[in-house]
Amino acid sequence: MSVLESIVQRTRQRLAESPPHLEALCARVEDMNQALPPLDVLAALRAPGHRIIAELKRHSPSLGALAPDADPFAVATAYADAGAAAISVLTEPERFGGSFADLDAVSRLVHPRGVPTLCKDFVVDPRQVLMARAHGASLVLLIVRALDDQALVSLREQIESLGMQALVETHDAHEIARAVATGARIIGVNSRNLDTLVIDLAVAEALRAAIPADRIAIAESGIESSAHVARLARSGYRHFLVGSSLMRHADPAALLRELINAEGLAEPGSPRSDSHPDVRSP
C-alpha cells in the first residue's frame, strides 16, 4: 500500500468512526458564509508576477517534524506580510499534524486582508468539502490519484457551488488529462513521487506543456530557493505551492519574498504561460 493509499484509507476510517453531524455542519457553513464569504481565488492567482501559495505544515511524512509548535497566527501573518497569493493549511491530523482549528484561525486572520486559504487534505467525501467551507477555506485540494472521474467531477462541482475553487493535483500526464477532461480550472503538478516520496523538479518541468494555456498551472513540492522558482518559471510556471522549505527556514517571510522576486518569469502569452485572462471550464 502506497503512502497515499494508507492516508486515504485512514481518512475514510476517521470519517466512519466520527462522522460530522450534517445538520450542524451545514449551519456552520451558513454562518461562515456570512462571516467570511469565499474570496475570489482566480483573481488572486491571476495577479501579475510569481504567485505563491505558502503552506502551514507542522509535519511531513518524508521529513518528519518541520515545526511542530508553529503558531498559526505568526506563520500566517508572516506569509501575508510577505505577499503570499494564498495560504495553504494542512488539516490532516495524523501524518501532517494539521487541524481544522488551524484552518479556521488562519482564515479569520487573513480573510480581511483579501488572502484566500486552501484546505490541504485528502478529500474523498462531500462532508470534507463542507468542513473546508465551514472553517473559512476558499480553495480545496483534490488529488486525482485518490479519486475516480465521477468523484472528481462531483466534488469539484460541490466545491464551486459553495463559491470556492478546487486545486486539482496531478503527478503524471495521464492524471493531467483526467484533470482537464473533468473540468479542472486550477491544476497542480506535484514533483513528489507518491510511492517513493522522492522529489524531482524535472517532473513538473516536463509536464507543464500538457496543461492548456487557459488553466492555471501550479508547481508543487521541492521548491526551496529562488533558483528553483526561476528554473520552473522557464518551463512556463508562475504559480507555486511551497511548504516544507518555508516551515524549516529561520525567516520564512524573507524566503517567501525571495521566491516571489525570483527571475525567469515566462513571457505573457507564450504557449506555456498560464497568464490567460479568462479561465473557464471546458
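Just one of the numbered conditions (1) closer than 30 Å to A76 by Cβ; (2) touching a Ser or Thr at 6+ places or on another chain (Cβ under 9 Å) is not true of A206: (1). Within the stretch 109-122, if we keep just the residues that are out of contact with any Leu (no Cβ under 6 Å at 6 or more places or on another chain) and of a type in the set (A, V, I, L, M), the residue that is farthest from S88 (Cα to Cα) turns out to be L109. Whether any residue in the stretch 9-20 is under 22 Å from A134 (Cβ atoms), in contact (Cβ under 8 Å) with a residue 24 or more places away in the chain, crowded, with 19+ Cβ neighbours inside 10 Å and more than 20 Å from the chain's Cα centre (by Cα) is what I want to check. Checking the stretch 9-20: not a single residue is under 22 Å from A134 (Cβ atoms), in contact (Cβ under 8 Å) with a residue 24 or more places away in the chain, crowded, with 19+ Cβ neighbours inside 10 Å and more than 20 Å from the chain's Cα centre (by Cα). The residues on offer are S225, S221, S244, and the sole one that is surrounded by fewer than 23 Cβ atoms within 10 Å (Cβ to Cβ) and in contact with a strand residue (DSSP E or B) (Cβ under 8 Å, 6 or more places away or on another chain) is S244.
Does S138 meet the test of being surrounded by 24 or more Cβ atoms within 10 Å (Cβ to Cβ) and modelled with pLDDT of 95 or more? In short, yes. Consider the stretch 213-224 and keep the residues that are in a loop (DSSP other than H, G, I, E, B) and within 19 Å of the chain's Cα centre (by Cα). The one that is nearest to A44 (Cα to Cα) is R215. Close contacts from the stretch 91-116, counting a first residue that is modelled with pLDDT under 95 and a second that is surrounded by fewer than 17 Cβ atoms within 10 Å (Cβ to Cβ), with Cβ to Cβ under 6 Å and a gap of 6+ residues or different chains, come to R95/P61. Of the residues making up the stretch 56-73, those that are part of a loop (DSSP other than H, G, I, E, B) and of a type outside the set (A, V, I, L, M, F, W, C) are K57, R58, P61, S62, P68, D69, D71. Across the stretch 112-133, the qualifying residues are those that are touching an Asp or Glu at 6+ places or on another chain (Cβ under 8 Å) and in a helix (DSSP H, G or I), and the one among them that is surrounded by the most Cβ atoms within 10 Å (Cβ to Cβ) is A132.
The values are calculated or read from the model by the stated rules, or taken from the named source; none is laboratory data. Just so it is clear, the structure is predicted and the values come from calculations on it, not from any experiment. Note that we place each Cβ from the backbone using ideal geometry, even for glycine, and neighbour counts take in every protein chain shown.
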